[in-house]
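Quick one: this structure, given as structure tokens, is what I'll be asking you about.
The values are calculated or read from the model by the stated rules, or taken from the named source; none is laboratory data. Everything numeric in this text was worked out from a predicted model, so none of it was measured. Positions of Cβ are backbone-derived with ideal geometry, glycine not excepted, and every protein chain shown enters the neighbour counts. Areas reflect the complete protein model, heavy atoms only, side chains present, ligands, DNA and RNA absent. Shrake-Rupley method; radii C 1.70, N 1.55, O 1.52, S 1.80 Å.
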Amino acid sequence: MNRRNFIQSVAYSTLITGLGSSIPIIGRSANTSQMSLIGKSHRFGDGRDWFFEKRYGMFVHWGLYSILGWHEQHQQRARVPRAEYVKLAQRWNPINFDPERWLDLMEEAGMEYITVTMKHHDGFCLWDTKQTQFNTMNTPYRKDILGMLSDACHKRNMPLCLYYSIADWNHPNYPNMGRHHELPVQSQDSPDWQKYMEFLKAQVKELCTNYGEIHGFWWDMNVPEYEDKSINNMIRKLQPKAVINNRGFDEGDYGTPERDFNEKNYISSDSQPVEACQSVGIESWGYRTNEDYYTQQHLISSIDRYLARDANYLLNVGPDSLGVIPEKSASILRGIGQWYHSVKESFEDVEFVSHLTTNKNVMLTKNKNVLYVHLYKVPQGNVVKLKPFTIAPLDAVLLNDGSKVDFEVEFAPQDHNEQQSYLRLINLPVKAYCNSVLVLKLVFDESLEEYISAIV
Ligand code: GLC
């Protein structure tokens with residue numbers, strides 16, 4: 001059955017109630033307005049399709065600002081004069097940076113690719129660039145961070161994507177004009193957009209030629225909203241597997257909703273793929289000494305809502321000035337990883353089919369005759385009623401720990417108007433998982449598809 005059948009069929013069926021009588025009902029989808037939004041975004045049909053196999057990645061914001069331990073935009077937000085800020089380069093010495101430790105954590109956390117800031121708005125570069133002195137080689141550390149990272153990633157076949165800020169608070173040719181994410185006009189600068197673009201292209205070329213295979217390019221802050229397709233074309237030519245986001249000089253390959261779930265970010269078959277991004281820290285993406293952290297439940301719920309909708313998810317951490325991912329962040333990632341490893345199958349080869357139930361407290365994904373029920377909101381009780389389902393599964397399992405889930409098709413008092421019995425998943429261990437998201441796996445017999453076409 002294709003998606004259109006799901007959408008169009010409104011059927012009349014005869015169903016058995018818990019009271020033993022046979023009552024004809026017209027099944028209806030709860031949310032017809034979402035129907036056109038069900039399904040998968042398009043695939044590229046080339047080397048970039050790795051992006052749909054590996055859905056959950058690590059985002060890393062790391063640079064000079066970690067020395068100050070407040071925010072990745074410290075220079076601008078705390079009004080630090082450039083002449084002062086650049087002195088931080090003389091203190092850049094992340095002697096404990098070991099890419100293997102980052103990758104070990106990622107593997108433990110179930111993260112499947114990594115995107116790292118090579119140059120944030122402050123303009124400091126984490127690779128051996130020949131285009132500016134303001135880079136990691138001209139510091140006490142004197143090592144090429146990207147070189148170390150890319151070697152480690154290639155050894156483990158870990159896809160590596162590079163973040164690059166177009167706005168630049170250090171380069172004299174970047175036209176800082178006090179717009180958002182910019183410094184005020186700097187009197188000593190010589191703004192020249194064309195020259196800046198030459199610098200930028202030369203840097204992109206270095207990034208795409210000197211470090212082996214790169215799996216993605218993550219642009220940020222095209223403040224002037226300048227368009228130029230030739231830049232992404234160059235990346236595509238040099239790195240055919242690279243997926244490119246939509247914050248650069250053209251629409252790129254995928255959209256980048258930030259921080260949290262947004263009702264508008266539904267994914268439809270003709271929309272761009274989506275990669276949401278979020279940080280474990282509430283105030284900053286870069287290292288913040290006294291960071292406030294999101295709860296594990298909040299992050300898991302956010303990840304669940306995107307992955308179930310055929311999107312990718314980048315979860316960010318900010319390593320400290322020595323190159324270490326703070327333990328508080330690492331333990332959040334491990335906790336999420338435990339959850340992700342156990343429920344992962346509910347995102348793989350599935351369709352997003354939440355329209356099949358009127359219960360708005362859950363989301364549904366489906367793979368053939370298996371239905372996954374995601375309790376992405378904090379449960380109000382220990383039961384999920386799956387209206388208008390009137391059939392029982394053959395088996396029901398809580399993916400979080402593999403335990404059996406009790407269920408019944410029973411006439412409950414609240415359903416007196418319909419005089420109908422519905423499938424209820426009962427005695428759920430909600431308390432034990434209050435810091436997580438429960439995902440239930442319901443295995444039906446082969447007739448599930450037929451049944452569904454009758455109820456939608
Ligand atoms: C926000 C932050 C920026 C960060 C970006 C990541 O725009 O202001 O510093 O790099 O999010 O998406």
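What translational diffusion coefficient, in µm²/s and rounded to a whole number, does the Stokes-Einstein relation yield for the chain at 4 °C and a viscosity of 1.567 mPa s, taking the hydrodynamic radius as the Kirkwood radius over Cα pairs?
Using the Kirkwood radius from Cα pairs, D works out to 54 µm²/s.
Continuing with the same structure: Which angle between 0 and 90 degrees, to the nearest 10, do you get for helix 99-108 versus the longest principal axis of the chain when only C-alpha atoms count?
Helix 99-108 sits roughly 10 degrees off the main axis of the chain.
Further, regarding this structure: With all pairs of different alpha carbon atoms counted, what Kirkwood hydrodynamic radius in Å does region 334-378 show?
The Cα-based Kirkwood calculation yields 11.3 Å.
Can you grab the distance from the C-alpha centre of region 177-246 to the C-alpha centre of region 337-365, Å, no decimals?
So the separation of the two Cα centres works out to 37 Å.
When ranked by the protection proxy of mean other Cβ atoms within 10 Å per residue, highest first, what sequence do the peptides 116-126, 272-282, 376-386, 59-69 form?
116-126, 59-69, 272-282, 376-386
Here's something else I'd like to know. At 0.36 nm per residue, minus the direct Cα-Cα distance, what do Glu283 and Lys377 gain on full extension? Give it in nm, one decimal, please.
This chain segment gains 31.5 nm when fully extended.
Here is a further query. Report the label-to-label distance for Arg43 and Asn210 in nanometres (one decimal), using points 7 Å from each Cα along the Cα→Cβ vector.
My value for the distance between the label points is 3.6 nm.
Choose one of Leu440, Leu207, Ser284: the residue whose Cα lies farthest towards the positive end of the charge dipole of the chain (beta-carbon charges +1 Lys, Arg; -1 Asp, Glu; about the Cα centre).
Ser284
Accessible area per residue for the chain in Å², computed with a 1.4 Å probe and the full protein assembly in place, what is it?
41 Å²
Let me ask another. When the accessible area of the chain is computed with all protein chains present and a 1.4 Å probe, what percentage of it is carbon and sulfur?
Carbon and sulfur atoms account for 49 percent of the accessible area of the chain.
For region 43-192, with only Lys/Arg (+1) and Asp/Glu (-1) charged at the beta-carbon, what is the dipole magnitude about the Cα centre, in debye rounded to 20?
Around 300 debye, computed over region 43-192.
Over the Cα atoms of region 91-192, each weighted equally, I'd like the Debye log10 I(q)/I(0) at q = 0.19 Å⁻¹, rounded to two decimals.
Normalising to I(0) and taking log10 leaves -0.97.
Please find the FRET efficiency linking Lys431 to Lys237, where r is the Cβ-Cβ separation and R0 is fixed at 56 Å, and quote it to the nearest 0.05. Mind dumping the intermediate values first?
Working: r = 55 Å, r/R0 = 0.98.
Result of the calculation: an efficiency of 0.55.
Provide, in order from the shortest bin, the percent of all Cα-Cα pairs of region 104-252 in each 10 Å bin, continuing until the bin that contains the maximum pair distance.
For region 104-252, the pair-distance distribution reads 11, 40, 35, 12, 2.
Another question, if that's okay. Taking 0.36 nm per residue of separation and subtracting the Cα-Cα distance, what length does fully extending Gln131 through Asn157 add?
Additional length available on full extension: 6.5 nm.
Using 0.36 nm per residue of separation minus the Cα-Cα distance, give me the extension gain between Asp395 and Arg179 in nm, one decimal. Could the numbers behind the result be given before it?
Numbers: separation 216, 0.36 × 216 = 77.76 nm, distance 5.77 nm.
72.0 nm is the gain from fully extending Asp395 to Arg179.
Quick check on the chain: of the DSSP beta bridges with both residues there, what percent are antiparallel, nearest 5%?
Of the beta bridges lying entirely in the chain, close to 55 percent run antiparallel.
Angle, helix 296-308 long axis vs. longest principal axis of the chain, Cα atoms, 0 to 90°, nearest 10?
In the chain, helix 296-308 runs at an angle near 80 degrees to the longest axis.
Translational diffusion coefficient, Stokes-Einstein: compute it for region 328-456 using the Kirkwood radius over C-alpha pairs as Rh, at 37 °C and 0.692 mPa s, and state it as an integer in µm² s⁻¹. All intermediate terms of the calculation are to be shown ahead of the outcome.
Details: Rh = 15.3 Å.
Once the numbers are plugged in, D ends up at 215 µm²/s.
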